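Engineer: First the structure, which I've put down as structure tokens, then a few questions once you've had a look.
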Amino acid sequence: MPVSIAADGQITQQAIRHSSTDTTIIGWSKNESDIKQLVANLYQEHECWRIYPAMSILATHIFVLTTPIAEPLVKERIERANLDFDIVAMTHIPNLNQPGMLVMDMDSTTIQVECIDEIAKLAGVGEQVSAVTARAMRGELDFSQSLRSRVALLKDAPVAILDDVKDNLPLMPGVQVLLSHLQVNGWKVILASGGFTYFAKALQQRLGFDAVFANELGLKDGVLTGEVVGDIVDAQYKVNVLKRMCQQFQIEPTQTMAIGDGANDLAMLSESSLGVALHAKPIVQQQAKIAINYSNLEGLLFVLMGGVIRDHVACHH
């Protein structure tokens, strides 16, 4: 099943020749031998399995498995196999070739760090702040209250440290590949963050987000006031962003995807058609439709290609 991204970002593919009732699984691995091991672990006598090695994105091997075995049984075997790579059942996947929208978290999702923790390190209160951040992301604390308490610890820190953090934001691997191909295919990309506009707007310029939503740090006379200005972007706020942007850009709800890692992303992931937990906290992995632990954001491109393949196959049956 040849599937590839052309230089202009368009997808080409040939239909998978199988029954529309088959369970279809999309996966990716850094090690091609792991794919063979997976099939060996899943396969039992008298069963029919087909594997379609599809493509490689950077160092990631993408593949498709199909089988007439029921999806719950397939998932159960995948869990028992306990191999170190991600795998996704091809259900509820938006179609990349149709208008769609991605809403992303920022900290530990679009970028590899938590900005407030980086600010706190430079302000000399790193351990105090990062401990609260970790608890908030696990869902142990009310997000809004925890944010205000952390920002209060930054009072009187010089604004200059914000620039130090902004100038050294490490992007999450694969984010540029993912966003550029979504944009080429006409998708809208939105940043909805419990972090700060100071960094979200910088990422908007860098990555081309159509809109960004984040919290406003209080600044006065060259220092941080220790306050958050205006409404806080919490879990419900992110859901409202997703709904409002769907209406504004006239995107069908079935064509929405959300990516996050913390407890305050759960409602947004649930509201979207495809909620993706990226290297996320356990509570998020348990509830999201997809959990990515071993791959990175570039692998999600092929998940979206799966929507193209699914619809292409369906129309031939």
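Engineer: How much area per residue is accessible in the stretch 205-275 when the probe is 1.4 Å and only protein heavy atoms are counted (Å²)? Walk me through the numbers before you get to the answer.
Structural biologist: Working: 3220 Å² over 71 residues.
On a per-residue basis, the stretch 205-275 sits at 45 Å².
Engineer: What is the gain in length, in nm to one decimal, between Q98 and T254 on full extension, counting 0.36 nm per residue of separation less the C-alpha to C-alpha distance? Could the numbers behind the result be given before it?
Structural biologist: Working: separation 156, 0.36 × 156 = 56.16 nm, distance 1.05 nm.
Residue separation times 0.36 nm, minus the Cα-Cα distance, leaves 55.1 nm.
Engineer: Right, another one. On the principal axes of its Cα set, how long, how wide and how thick is the stretch 197-317? Give whole Å, largest value first.
Structural biologist: Here the Cα extents, ordered largest to smallest, are 67, 33, 26 Å.
Engineer: For the cross-link pairs K121/K220; K201/K243; K188/K238; K166/K201, which exceed 19 Å when the distance is taken from alpha carbon to alpha carbon? Can you show the working numbers first?
Structural biologist: Numbers: K121/K220 21 Å; K201/K243 21 Å; K188/K238 16 Å; K166/K201 10 Å.
Those over the limit are K121/K220; K201/K243.
Engineer: Accessible area of K121, 1.4 Å probe, to the nearest 10 Å²?
Structural biologist: Here the accessible area works out near 130 Å².
Engineer: Stokes-Einstein D for the stretch 114-170 at 25 °C, 0.890 mPa s, Kirkwood Rh over Cα pairs, in µm²/s? Please list the in-between numbers first.
Structural biologist: Numbers: Rh = 11.5 Å.
Reported coefficient: 213 µm²/s.
Engineer: On the protein heavy atoms, probe 1.4 angstrom, tell me the percent of accessible surface of the stretch 179-317 carried by carbon and sulfur. Intermediate results must be reported in sequence, preceding the final value.
Structural biologist: Details: 2550 of 5470 Å².
It is 47 percent, rounded to a whole number.
Engineer: Based on Cβ point charges of +1 for Lys and Arg and -1 for Asp and Glu, what charge dipole magnitude is obtained for the stretch 92-250 about its Cα centre, in debye rounded to the nearest 20? List each step's numbers first, then the result.
Structural biologist: Working: 14 positive and 18 negative charges, 96 e Å.
Roughly 460 debye for the stretch 92-250.
Engineer: Now for a separate question. At a 1.4 Å probe, what is the % contribution of carbon and sulfur to the accessible area of the stretch 87-167? Mind showing how you got there, number by number?
Structural biologist: Working: 1580 of 3400 Å².
Its accessible area is 46 percent carbon and sulfur atoms.
The values are calculated or read from the model by the stated rules, or taken from the named source; none is laboratory data. Everything numeric here is computed off the predicted structure, so don't read it as measured data. Virtual Cβ from ideal backbone geometry, glycine too; neighbours counted across all protein chains shown. All accessible areas refer to the heavy atoms of the entire protein, side chains included, with ligands and DNA or RNA removed. Shrake-Rupley method; radii C 1.70, N 1.55, O 1.52, S 1.80 Å.
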